[in-house]
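S.K.: Encoded as structure tokens, here's the structure I'll be asking about.
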Amino acid sequence: MKIQRVNSLPEREAPVHRNGLMNKNSHPAWIRTGILIALLMVIGVLITPCAAENTTIQVGVILPLSGAYEVIGNELLQGILLAADEIEQEGEALGYHLSLRTADDSGDPETALSLYKEMQAEGVPVIIGSYTTMLTLPMAQESKNPSSPVLVSPRANGEDLYGISPRFFQVNPPIFSLSRFIADWLKYSSDRTSVIYIDDAYGSSVLTHIKNGLKQNDVQLIGEFPLTDDPDYRLLTERVLDTAPDAVVIVVYDNRQIPLISNLSQAGFKGQVIVTESALMSNLEEEIPDDLETFALFTILAYTNLVPGEHADRFLSSYQDRFGEDPSRTPAGYGYDSLMVISEALRTIPCTNGTVTPDMIQEGLNRSNYYGVTGPKVFDSHNAAGTAMDRWGFVNGRLELMAITL
Amino acid sequence: MWNNRIQPKRIFAIFLFFFFLLFACTIAVADEPVYIGVLLPLSGPDGQSYYDALTLARDQINAGGGIFGRPVEYVLRDTRTGDLMTYANSLARDKRVSVVIGPYTSADLFSIADLFIRYQKVLITPSASSDEIYRAYAKNWYVWRTIGNDGDVVPVVMDHIRKNEGHNVALLSVNSSYGKTFYDWMPYWAIEKGIDITGAQEFSSADEIPDAVRQLTETAPDYLVFVYSGSVSEIVTVIDTLEEDNSSVHPYFIYPNIDEEGRISERADPDLLLFLLSSGLWRITNSSTMTTPLPDNTLILMNPEWDVGFSEEFSAISGNNQAGYIPEVYDAALVSAMVMAQFIANPEKSPGNAAMSLLTEADGDPVPRTPNGFQEAIQRIQKGDAPILTGATGPLTFKSDGLDRQVTNHATYKIEDGRIVSDPVLLTRTGKELANPRTPGSVGNSTIIPADDYPAGEFWAVIGALSKDWNNYRHQADALTIYNLLKDRGVSDDRIVLLVYDDIPTDKRNTKPGEVYHIPDEKEVRKEAYPDFVGEEVTKDLLPAILSGTGAESESGMLRSDENSTVLLYLTSHGSPGGDLLVGEGNETITPAGIADLIGDMYKQKRFGRMLLVLESCFSGAVADAITTPKTIVMTASCADETSKAASYDPELSVWLSDEFTKELVSQLRNADRSLTLRELYQQVYYNVRSSHPGISTGNELLDLPAVSFFGGVE
């Protein structure tokens, strides 16, 4: 049975007039009352989110749980699991249960796409995944298909993904907001900037937006250095320094950050280093604190991991209790918000006799008003969430959160 | 089986292969850029300007065709955002680079010069201006600069003060290699120009300035010459202090950064900006300035206004022309390119020889400062000429012993009615004038006293180096050299009492353990020496014990001279204003009066027939003033008001090996015959010592004895 919208009521039949025309004064009062009561019952049924039906809805999860992005993939998953626990605790009250169907894409986009199609065939209406733009893009393109599941990306935010499909939603705000933020920062702190970036669609798109921002701000972009798969870090560092930047921006989201930063330090660079991804913060602190210390300013400018607020404090506390780790330095909050925003969307869907379709979820997400632990998840016209950014600085031997910008 | 028909074809094919391979390699080299290293601050308000100046020079050279068709490119290292030594090592080892523009400061240059000399890379600094650099690296051919030597502008400062009716001057200088040039040379030129120095101090931090200014102005100088570190707030502090005290002393500022309105501007420090950024105050502008007007009658030494053409060219590419060395950086780029052209055209020469042959032998009309002019210069270099370049600061001509420009680039100004006005001064560098009665070199004419008319007696020597530590290497080397001179003239160890701390041969920084040198790579002076007192034995009390013949426990350390003896007493150490000789680490001193008493006592005890006291120390003229003992000549390295200077810098050891006065004294003595009188010896030493005014007692008949009689005796 097709679910009707909450705000549309059954059409009233045209009243029959004794002479063919309606005369409202011609019905007895008990009939009007009966109709009203019946109407109210229908409305009540229609607006009850399946409380009586106790639906279980499958949510697919496709993440890199092994391979190069294993650490971050598992952090995202932990956030999702925490959200799943909370949702489950509400279970009966919500009127539905969520069942996670988790799969490992191993950091391979073809595997991710294959898993997406598999889940689609299984009738999974919504999938969370994956981590990087490169991993997510094929799935997002597939989501253009009207029969495909909704795809909610917790973290991928490359330009190619922006508005790619009405069924694709970005929980992490699009990259150009961050790039503008970085360009504005450099306006006040740099005469000449060099950028080292991962040579993929994401890295190239970040570079393009930083470049445009710097141009508008009259800051010279003195060097653009793509990071290949197996780089000679020493040689790359020398090439970067040959251009005499006073600030180096590192657009690298994997553990290649570490040898890059370390080589810069060892080669004598003591200027400003800006990193645009915060996922490896703890690794940086543990593995190369001496190198971070040598720079005049070591900054991470990235989308926030946790916004201020009670809900974020609760998340932090629960996460620490369950996993024994500090989520404020990981993207776990994005995994959490990905599932929570889906759950919030489901609350707005009327009782369906057990069937929840991708269209419903899509519409629910379009109406989202969810304020997540990583910021507001009100999706714009291109299905991307609003911005919230962190600025971290390396002070007194550790990375400290200096400011959050909403 | 060899096929005769195929063989020629095969050979030809092989020949073709190698021909094309060689051709390809040639093309590859021909297309490859000519790299020039840069080791300068290249960011921040000043550094960005230097970056722009380098870019301008490079682009102009490349616009004409580069160097033999190859474009010039830089290998940049920004020392404002990098570690100097790490960057220096990287550039020294970089095979692409043979010439490096930099470094920025004189102290930086001393830190890295040895490294670049070892790797045979030429350094061309646009801004390190200390005279010490000239004394250390002239004739080395690997160190050059487009900035003038500050030692050459001090006489200009003195003439400027004289022109403005100044007769008494005090000096407050930053305690750095840069400031030291002014501290060392102002007293020298004050003597030459007839100006009195009423006081001189150095400061290490800005909060020492107010008290120093007050102490110096107590002596009521006409002008207070102030040499700052580069931080404008120091100049503001001087102005404020003089104003608070309602002082009549006028300031004289050396190379301040002043605008056309005669105001000094403080710009936000780029490091402070970064600190504010990290603290969260990042939405600030970095162009805010505070300005302070200079008081009337302030005298200023500054760079002159820029060449109009260069000013237009630079303004077209850069909005910031406030930095201090922009034209010099531009010129350093030009010079570097031309040295590279010389090196490429003459690959059999080392980079240092290429620089020397181009820069010291340049002649003809200067080529114009245009892309075509640069190409003309490069083509002439290829033909074996040494053209004179025109830089942003004028013709780029260098002294014959290398390193320094022949002409310094400076201008003098004053503040009148709140405005800065040009106040030109004609440089009257006179050198040492014996005719000037104020200069102690005037000792009259010499007529040698025949040796038979003046019985000599036994010759004795007491030689003492009273300082310790590696950085005072030269004092011990001086003393050992005098000792060796006497030994070479046949004086036995029994007649020499030698005091040296003797920590130099075993210092871990001595790359030649056990050895001491007075001049790099020349005769070693320690191995054949037998000191009588070493280490902690060398104290303030030892000298009286030796000279009196009592109290010294060492049998060999006894001075057994008598009333007929000729005694040479040679002492070397640091001297402080007033003439005190420092002993050991400086916590003990021997005063001029103390030395005078010692010699007076010796005379009373009939322990010499004649004595020559030679003092190698700063302000040693003050000791000479205190000694009036008969039969005593005092020869000093400097006047009472000036420092004496080190000589013979060894880049490998990073230390000065000798003092100029002793080095010159020994050189003259080694070439002297018996006919040279002490007077004549002094005159020759006086003229040849560049950096101080050696002194000698006057009106004493001993001056006409053979000089050698005081350095080993007369047979």
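Read-outs: derived from the displayed coordinates by stated rules, not from any lab. No experiment lies behind these values; they were computed from the predicted model shown. In this analysis, Cβ positions are derived from the backbone assuming ideal geometry, glycine residues included, and neighbour counts consider all displayed protein chains.
S.K.: With a cut-off of at most 13 other beta carbons within 10 Å, and DSSP calling the residue loop, which GluC sites (Glu not before Pro) in the stretch B:559-603 qualify? Please list them.
M.R.: The qualifying sites are B:E563, B:E585.
S.K.: Tell me what the protein assembly as shown gives for mean residue ellipticity at 222 nm when only DSSP H runs of n ≥ 4 count, each as -39,500 (n - 2.57), the sum divided by the residue total, rounded to 500 deg cm²/dmol.
M.R.: -12000 deg cm²/dmol
S.K.: Per-residue mean of other chain beta-carbon atoms within 10 angstrom of the beta-carbon, peptide A:189-199?
M.R.: Average neighbour count from other chains, rounded to a whole number: 3.
S.K.: With bins 10 Å wide starting at 0, give me the P(r) of chain B over every alpha carbon pair, in whole percents.
M.R.: Going out from 0 Å in 10 Å bins, chain B shows 3, 13, 21, 21, 18, 12, 6, 3, 1, 1, 0 percent.
S.K.: Turning to a different aspect of this structure: Karplus couplings for the stretch B:612-625 from phi (6.51 cos²θ - 1.76 cosθ + 1.60, θ = phi - 60°), rounded to Hz, Gly and Pro as x?
M.R.: 3J(HN,Hα) across the stretch B:612-625, in whole Hz: 10, 9, 10, 10, 9, 6, 5, 6, 5, x, 5, 5, 4, 4.
S.K.: Could you give the angle, 0 to 90 degrees to the nearest 10, between helix B:106-118's Cα long axis and the longest principal axis of the Cα atoms of chain B?
M.R.: For helix B:106-118, the angle is close to 80 degrees.
S.K.: Taking a threshold of 27 Å on the Cα-Cα distance, which of the pairs B:K512/B:K645; B:K180/B:K349; B:K193/B:K414; A:K144/A:K377 fall above it?
M.R.: B:K180/B:K349
S.K.: When a footprinting reagent is the concern and you count Cβ atoms within 10 Å, what order do A:I62, B:I633 take, fewest first?
M.R.: The order, fewest Cβ neighbours first, is B:I633, A:I62.
S.K.: Here is a follow-up. For chain A, what relative contact order do you get, as a whole percent, if you take Cα pairs closer than 8 Å and at least 6 residues apart?
M.R.: With pairs under 8 Å counted, the relative contact order is 18 percent.
S.K.: To continue, here is another question. When only Cα pairs under 8 Å and 6 or more residues apart are kept, what is the percent relative contact order across the stretch A:112-187?
M.R.: Relative contact order for the stretch A:112-187 comes out at 26 percent.
S.K.: Taking other Cβ within 10 Å of each residue's Cβ, how do A:W30, A:W392 sort, fewest first?
M.R.: With the fewest neighbours first, A:W30, A:W392 line up as A:W30, A:W392.
S.K.: Would you mind putting A:187-200, A:125-138 in packing order, based on average other-beta-carbon counts within 10 Å, highest first?
M.R.: In decreasing order of mean packing, A:187-200, A:125-138 become A:125-138, A:187-200.
S.K.: I'd like the mean, over residues of A:266-276, of how many other protein chain beta carbons sit within 10 Å of each residue's own Cβ.
M.R.: 4
S.K.: Looking at chain B, which longest stretch skips every one of the trypsin sites (Lys or Arg not before Pro) that is in a DSSP loop with at most 13 other Cβ atoms within 10 Å, leaving the sites themselves out?
M.R.: B:140-282
S.K.: Considering only DSSP beta bridges whose two residues both sit in chain A, what percent are antiparallel, to the nearest 5?
M.R.: If I count the DSSP bridges inside chain A, around 25 percent turn out antiparallel.
S.K.: Now for a different question. How much net charge surrounds A:G60 when only the other residues with a Cβ under 15 Å from the Cβ of A:G60 are counted, with Lys and Arg +1 and Asp and Glu -1?
M.R.: That works out to -2.
S.K.: Filter chain A for me: DSSP H helices, axial length by Cα at least 15 angstrom, mean Kyte-Doolittle hydropathy not below -0.5. List them by residue number.
M.R.: Values: long enough: A:29-47 (27 Å, 2.35); A:70-94 (35 Å, 0.24); A:109-121 (18 Å, -0.44); A:175-189 (21 Å, 0.50); A:201-216 (23 Å, -0.27); A:310-323 (19 Å, -1.28); A:332-347 (23 Å, 0.33).
Sorted by number, the helices that extend far enough and score high enough are A:29-47, A:70-94, A:109-121, A:175-189, A:201-216, A:332-347.
S.K.: Let me ask something else. On a straight-distance basis, which lysines could pair with A:K187 in a cross-link, Cα separation under 17 angstrom, same-chain partners fewer than 8 positions away excluded?
M.R.: Reachable lysines: A:K211, A:K215.
S.K.: Ranking B:L665, A:L115 by Cβ neighbours within 10 Å, fewest first, what do you get?
M.R.: Working: B:L665 29, A:L115 25.
Starting with the residue having the fewest Cβ neighbours, the order is A:L115, B:L665.
S.K.: Follow-up. Quick check: net charge around B:A637, other residues with Cβ under 12 Å of its Cβ, Lys/Arg +1 and Asp/Glu -1?
M.R.: -3
S.K.: For the stretch B:323-331, take each phi angle, set θ = phi - 60°, evaluate the Karplus expression 6.51 cos²θ - 1.76 cosθ + 1.60, and give the result in whole Hz per residue in order, putting x for glycine and proline.
M.R.: So the J values, rounded to whole Hz, are 5, x, 10, 4, x, 5, 5, 4, 5.
S.K.: When only Cα pairs under 8 Å and 6 or more residues apart are kept, what is the percent relative contact order across the stretch B:457-710?
M.R.: Relative contact order, the stretch B:457-710: 20 percent.
S.K.: Name the residues whose placed amide hydrogens come within less than 5 Å of the amide hydrogen of A:G375, ignoring near sequence neighbours (fewer than 5 apart) on the same chain.
M.R.: Placed amide hydrogens put A:V307 under 5 Å from A:G375.
S.K.: A further question on this structure: Short version: what are the Cα gyration tensor semi-axes of the protein assembly as shown, square root of 5 times each eigenvalue, largest first, in whole Å? It would help to have the intermediate numbers written out before the result.
M.R.: Details: eigenvalues 1337, 226, 175 Å².
Equivalent ellipsoid semi-axes, largest first: 82, 34, 30 Å.
S.K.: Please go through the stretch B:299-389 and write out the GluC sites (Glu not before Pro) that DSSP classes as loop and that have at most 13 other C-beta atoms within 10 Å.
M.R.: Taking the stretch B:299-389 and a limit of 13 other Cβ atoms within 10 Å, the loop GluC sites (Glu not before Pro) found are B:E305, B:E348, B:E361.
S.K.: By how many degrees, between 0 and 90 and to the nearest 10, does the Cα long axis of helix B:371-382 differ from the longest principal axis of chain B?
M.R.: So the inclination is approximately 70 degrees.
S.K.: Could you tell me which of rounded, prolate or oblate describes the stretch B:457-710, using a ≥ b ≥ c as the square roots of the eigenvalues of the alpha-carbon gyration tensor, with rounded for a/c under 1.5 and, failing that, prolate when a/b is larger than b/c and oblate otherwise?
M.R.: It is rounded, given that a/c, with a ≥ b ≥ c, falls under 1.5.
S.K.: Amide H of A:I128: which non-local residues (sequence gap of 5 or more, or other chain) have their own amide H closer than 5 Å, using H built in the peptide plane?
M.R.: Those lying under 5 Å, H to H, from A:I128 are A:G60, A:V61, A:I62, A:V152.
S.K.: In whole Å, how far is the Cα centre of the stretch B:619-659 from that of the stretch B:502-568?
M.R.: Here the two parts' Cα centres lie 18 Å apart.
S.K.: Let me ask something else. Residues with amide H under 5 Å of B:V425's amide H, sequence separation 5 or more or different chain, H placed in the peptide plane at 1.01 Å from N; which?
M.R.: B:T412
S.K.: Relative to the first principal axis of the alpha-carbon coordinates of chain B, what is the inclination of helix B:678-688, with its axis defined by its Cα atoms, in degrees from 0 to 90 and to the nearest 10?
M.R.: Orientation of helix B:678-688: about 20 degrees from the principal axis.
S.K.: Can I ask one more? Taking each residue in A:244-255, count the Cβ atoms of any other chain within 10 Å of its Cβ, then average. What number comes out?
M.R.: If you average over the peptide's residues, the count of other-chain Cβ atoms is 3.
S.K.: While we're looking at this one, here's another question. Taking the stretch A:119-200, which GluC sites (Glu not before Pro) meet the DSSP loop condition and have no more than 16 other C-beta atoms within 10 Å?
M.R.: Values: sites: A:E122, A:E142, A:E159; in loops: A:E122.
In loop regions of the stretch A:119-200 (DSSP not H, G, I, E or B), the sparsely surrounded GluC sites (Glu not before Pro) are A:E122.
S.K.: Please compute the net charge surrounding B:E515, taking Lys and Arg as +1 and Asp and Glu as -1 over other residues with Cβ under 10 Å from its Cβ.
M.R.: Neighbour charge sum, excluding B:E515 itself: +2.
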